[in-house]
Amino acid sequence: MFDDILDNYLRFLESLTVEHFIRLFWFYIFFEFLRYFILEFAVLNLWKLSKFFNRGKYEKAKKDFWFEYPLISIIIPGKNEGKHLYKLIRSLNEQTYRNLEIIVVDDGSDDDTEIIGRDLEKAGLIDHFIRNEVRGGKASGANTALRFTKGKYIVHLDADCSYDRDAMEKIIIPFYMDKDVAGVGGNVMVRNYKESLVTSLQAIEYYDTISIGRVVTSYLGIYRIISGAFGAFRADALEQVKGWDIGPGLDGDITVKLRKLGYKIKFEQEAVCLTSVPNTVKKLTKQRLRWDKSLIRFRVRKHKDVLIPNQAFSFLNFFAFLENITYNLILNFKWYIYLIDMMANYPSQLINIIITNILLYTFTNFMKFVVYSLYRARTNASYTYFLIYIPCMVFYFGYYLRVVRTIAYIQEFFFKRSYKDPWNPEKTSVHAQRMKL
Amino acid sequence: MPELKVNKEESTVEYAGFSFLLLTDLNLDVEKVGFHSAVIIDGHDRSFIRQIVRRIRSHNSPDIYLKPVFILKGINIIDPMVNKLVDGTLFSLEQIELIIPEVERILTKTGELHFTNSLSFEAQMIEKVISYMFTCEIQDLDPIPYIYSANNYYYPILSVNFNHKDEHMALDILEIAEREGVFDSSYVDKVYLCSGCQNGQLSYREVCPKCGSSHSTTEDIIHHFPCAYVGPLSDFTNEIDDQLDCPKCNKRLRHIGVDYDKPSVLHECKACDHKFQDFNVKAKCLACGQDSLVEQLKGREIRKYSLTKKGQIAAINGFVSTSKDIEEIIGTVKFDTFLTMLKYEIERLKQTEGASNICAIHLSNPSQLYSKMGSEVQKVLLKDLVKVIRSNIRTSDIISFQSSSTIVLSMNEIPTRIANKILTEIVEMLKRLIATSFKDISVEFEMEVVKLDYKLSPQLHIQQLTKNFG
């Protein structure tokens with residue numbers, strides 16, 4: 001059986017011409033390889049060059065930042081996050097930059113968070129512990145924290161993360177390089193990469209697709225999501241947009257709101273944060289369904305005006321949206337078109353096509369992982385540890401995530417399921433849906 | 001019908017063989033009280049009554065502080081301290097015959113008491129309280145909430161002896177008395193006292209956790225559900241009407257719980273602009289001015305004290321010392337320690353065949369003895385007794401006071417017959433010592449020796465040892 005398949009496959013390869021190859025693997029060549037490797041690689045080189053030429057500017061910005069020594073307000077909203085607080089606060093107290101105020105908001109926790117938070121406040125390890133007796137959701141927690149901030153910059157953190165010693169310093173410097181920058185996203189890496197296969201695969205995804213992807217989009221000026229786990233904002237800009245709107249997907253939403261006001265958003269690869277990612281397929285699926293629904297809710301619905309030429313039209317915002325919608329939404333469905341195309345026109349070659357696709361993607365993934373290592377700030381693990389997991393990335397990224405994304409899009413597009421997500425309290429989601437937010 | 005004789009010059013009233021001192025002003029030589037059967041205070045002024053009662057009841061001499069005190073009422077007496085410390089009221093001197101039985105009763109009861117010059121101030125206070133309770137036939141010492149008290153609660157006959165600054169000592173003394181078995185107690189309340197001066201008159205304030213100022217404003221925080229805006233109430237008010245409008249999405253707030261709620265409050269310090277959610281609570285002492293966090297205050301239990309049988313006997317026979325007083329005498333160990341060592345000795349005897357003993361020397365008439373001495377002299381006497389005993393026993397034997405009138409000692413690894421002989425010699429020496437040092441005083445001693453039996457507990461041995469003492 002296996003010999004037959006192999007034999008058949010070798011014959012298929014022998015008969016493959018360039019035209020034939022392009023016809024059979026058009027999806028990989030034009031969309032995946034071109035966009036996610038060639039284009040990315042080219043932009044990475046440009047970014048590296050620009051970084052080299054701008055190193056003087058960076059040093060000046062750093063000097064200006066230390067000279068001004070602004071107060072940075074760190075806000076940590078969350079529900080039932082007490083167990084993570086001590087580790088988080090310890091990593092914050094280790095920061096090279098010391099002019100920080102730490103504000104923890106307990107969004108109606110029903111565990112020991114209040115006791116832990118009050119203790120930390122009493123011990124002087126945090127500046128404020130604010131408790132909302134009733135849960136209001138992540139956005140209201142963050143907005144509550146905003147009321148207590150005094151800093152020139154606001155850094156939003158997730159409680160289950162920890163931070164490099166120089167992370168706060170690094171994430172603020174981009175504000176001093178360009179006065180139009182209103183938000184900077186930090187580089188999130190996976191702390192629990194060894195926990196399971198799922199976490200190892202996510203670690204690779206965070207290294208390549210997320211981190212490198214954000215370097216590229218940031219350089220192109222179309223960076224879309226400042227991660228809630230580690231994002232810095234100018235306090236005055238946040239005041240202008242009146243803080244966060246209801247989630248899920250509030251990270252991307254606030255980024256768009258800032259961009260709409262003409263601000264620039266940057267990604268800082270060297271500001272590193274470690275987070276714990278879902279360790280089972282079930283938990284991961286739940287998380288990704290939530291993330292992917294926000295593309296429809298925020299980009300296609302709430303902020304669709306970005307795509308319409310009007311007074312506030314910005315080409316960069318338009319391009320950022322278009323790129324996002326094209327590569328995540330349209331291509332996701334185009335992949336099914338490709339699948340149907342192959343099944344309809346080359347049913348006898350389907351197995352060979354799938355095998356070739358898997359080999360092509362695996363080869364690309366290996367190449368990306370190795371080549372991109374030249375462009376990463378650092379990793380929190382040995383590269384060699386991940387090499388054996390690279391072959392799984394085809395199935396993880398090409399099949400699993402694609403299916404999850406498809407389900408999420410359908411659920412949100414036709415059923416507006418994000419408004420039913422218990423991640424947000426129902427009392428707020430009801431209004432968000434009514435107001436089409 | 002006896003005749004009522006009023007001597008206005010001397011301010012006295014005589015009736016039925018009793019002499020009453022009539023007090024109308026503060027120019028009182030309080031020693032005069034001792035020459036009369038009772039005191040009648042002209043109740044025209046509350047402050048005056050309070051001061052006079054205070055001066056009589058806080059006096060050191062039982063001839064004065066136990067004297068019956070009555071109020072000749074011109075005004076309503078609402079002061080609870082005064083009410084607890086007087087024995088009755090008269091509406092006019094014509095009613096004096098009504099108080100005669102009370103005067104008689106108190107004076108008779110007072111006559112039954114033996115007073116000792118107690119060893120320490122604490123013992124003196126305990127004796128004073130229990131003798132007063134005995135003469136007034138009071139079983140319980142109730143704390144009363146009292147506005148003039150430094151501890152907020154007042155034990156009239158005890159607290160009256162202290163000035164405002166030292167009033168907390170009343171609580172210490174009652175604790176000692178309870179340890180000595182004079183009182184049983186039950187919980188009534190808890191008070192918090194200044195950690196600096198132990199005063200209970202404190203001003204509690206909510207203060208800014210940053211600068212400690214109590215000058216702040218408080219606003220509700222509103223969470224507007226549709227747009228997740230969170231801000232103080234003032235963000236939502238408008239200048240036109242009383243409605244609330246969201247500054248972020250401009251929607252009108254309609255219904256709490258439906259489109260908005262108030263999840264918390266925001267306090268803003270007017271002194272340092274600090275915004276916070278939880279105040280610190282501080283207590284400012286009105287006596288010394290110290291400003292402390294409430295966690296730093298000293299919590300004291302206020303208890304109701306009831307006289308025990310031992311307390312009643314001590315009231316009649318006199319209360320000489322507390323165990324704290326006799327523990328300070330060099331050459332002795334605490335009675336608890338003595339019991340522990342006795343326990344080990346009994347355990348040791350289970351393994352060996354030796355003979356060990358415990359002995360006791362008891363002063364049969366301690367109140368007669370102590371009443372003729374000052375507290376310092378009493379301490380000297382006890383020290384001398386211990387010195388004599390110590391010089392006649394081996395260094396390995398130990399001495400302890402079971403009470404101020406009973407000395408116990410161990411005599412280990414020695415036949416009981418010999419122990420008896422040694423003890424008899426010691427008692428003779430003690431008698432000679434007292435005869436030479438305190439010539440006017442006759443002292444009687446009792447003694448007992450008990451051979452240790454490893455089958456019996458230390459407590460049973462002690463019972464056996466002291467059961468014959470009066």
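The values are calculated or read from the model by the stated rules, or taken from the named source; none is laboratory data. If you're wondering where the values come from, they're calculated on a predicted model, not measured in any experiment. Virtual Cβ from ideal backbone geometry, glycine too; neighbours counted across all protein chains shown. Calculation scope for accessible area: heavy atoms of the full protein, side chains included, ligands and nucleic acids excluded. Shrake-Rupley method; radii C 1.70, N 1.55, O 1.52, S 1.80 Å.
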Problem set entry | Residues located in region A:99-109, provided they are more than 9 Å from chain B (Cβ to nearest Cβ), in contact with a Lys or Arg (Cβ under 8 Å, 6 or more places away or on another chain) and surrounded by fewer than 24 Cβ atoms within 10 Å (Cβ to Cβ) | A:GLU101, A:SER109
For this session: Working carefully through the options B:LEU460, B:LEU385, find the one that is assigned to a helix (DSSP H, G or I), surrounded by fewer than 14 Cβ atoms within 10 Å (Cβ to Cβ) and not small (Gly, Ala, Ser).
Result: B:LEU460
Seminar exercise, completed: Filtering region A:332-366 down to residues that are open to solvent by 50 Å² or more (accessible area, probe 1.4 Å), touching a residue at least 24 places away in the same chain (Cβ under 8 Å) and under 30 Å from A:LYS51 (Cβ atoms) yields A:PHE366
Exercise. What residue, among those in region B:161-208 that are among the aromatic types (Phe, Trp, Tyr) and outside any loop (DSSP other than H, G, I, E, B), is farthest from B:GLU127 (Cα to Cα)?
Worked result: B:TYR204
For this session: May I ask you to say which residue of B:ASP261, B:ASP235, B:ASP220 is in a helix (DSSP H, G or I) and open to solvent by less than 60 Å² (accessible area, probe 1.4 Å)?
Result: B:ASP235
For this session: Say whether the condition of being in contact with an Asp or Glu (Cβ under 6 Å, 6 or more places away or on another chain) and on the phi < 0 side of the Ramachandran plot is met by at least one residue in region B:86-107.
Result: yes
Seminar exercise, completed: Wholly inside region A:118-203, strands (runs of 3 or more DSSP E) that include 1 or more residues that are under 30 Å from B:CYS211 (Cβ atoms), at the interface with another protein chain (Cβ under 8 Å from one of its Cβ atoms) and in contact with a helix residue (DSSP H, G or I) (Cβ under 6 Å, 6 or more places away or on another chain) are A:128-132
For this session: Filter region B:285-300 down to residues that are in a strand (DSSP E or B) and in contact with a Gly (Cβ under 9 Å, 6 or more places away or on another chain) and give me whichever is nearest to the other protein chains (Cβ to nearest Cβ).
Result: B:SER292
For this session: Scan A:PHE41, A:PHE52, A:PHE2 and give me the residue that is under 27 Å from the mean Cα position of the chain (by Cα), free of Cβ contacts under 8 Å to residues at least 12 places away in the same chain and open to solvent by 60 Å² or more (accessible area, probe 1.4 Å).
Result: A:PHE52
For this session: Report, by residue number, each residue of region B:291-344 that is at pLDDT 90 or above and open to solvent by 70 Å² or more (accessible area, probe 1.4 Å).
Result: B:GLU295, B:GLN296, B:LYS298, B:GLU301, B:LYS309, B:MET341, B:LYS343, B:TYR344
Seminar exercise, completed: If we take region A:218-296, then helices (runs of 4 or more DSSP H) inside it with 1 or more residues that are within 16 Å of the chain's Cα centre (by Cα) and either within 14 Å of chain B (Cβ to nearest Cβ) or not acidic (Asp, Glu) (or both) are A:250-260, A:281-294
For this session: Kindly provide the set of residues from region B:146-166 that are in contact (Cβ under 8 Å) with a residue 24 or more places away in the chain and open to solvent by 20 Å² or more (accessible area, probe 1.4 Å), ordered by number.
Result: B:TYR148, B:ASN152, B:TYR153, B:ASN161, B:HIS164, B:LYS165
Problem set entry | Residue selected from region B:220-231 under the condition more than 7 Å from every other protein chain (Cβ to nearest Cβ) and more than 14 Å from A:ASP245 (Cα to Cα), by the criterion farthest from the chain's Cα centre (by Cα) | B:ILE222
Problem set entry | Conditions (1) outside any loop (DSSP other than H, G, I, E, B); (2) within 14 Å of another protein chain (Cβ to nearest Cβ): number failed by B:ASN250 | (1)
For this session: Return only the number of the condition from (1) open to solvent by less than 60 Å² (accessible area, probe 1.4 Å); (2) within 13 Å of another protein chain (Cβ to nearest Cβ) that B:LYS282 does not satisfy.
Result: (2)
For this session: Go through region B:29-88 residue by residue and tally those that are aliphatic (A, V, I, L, M), assigned to a loop (DSSP other than H, G, I, E, B) and open to solvent by less than 30 Å² (accessible area, probe 1.4 Å).
Result: 3
Problem set entry | Test: residue in region B:194-205 that is within 12 Å of chain A (Cβ to nearest Cβ), of a type in the set (A, V, I, L, M, F, W, C) and open to solvent by less than 50 Å² (accessible area, probe 1.4 Å) | no
Exercise. If you take the residues of region A:411-437 that are open to solvent by 70 Å² or more (accessible area, probe 1.4 Å), more than 14 Å from chain B (Cβ to nearest Cβ) and assigned to a helix (DSSP H, G or I), which of them is modelled with the highest pLDDT?
Worked result: A:PHE414
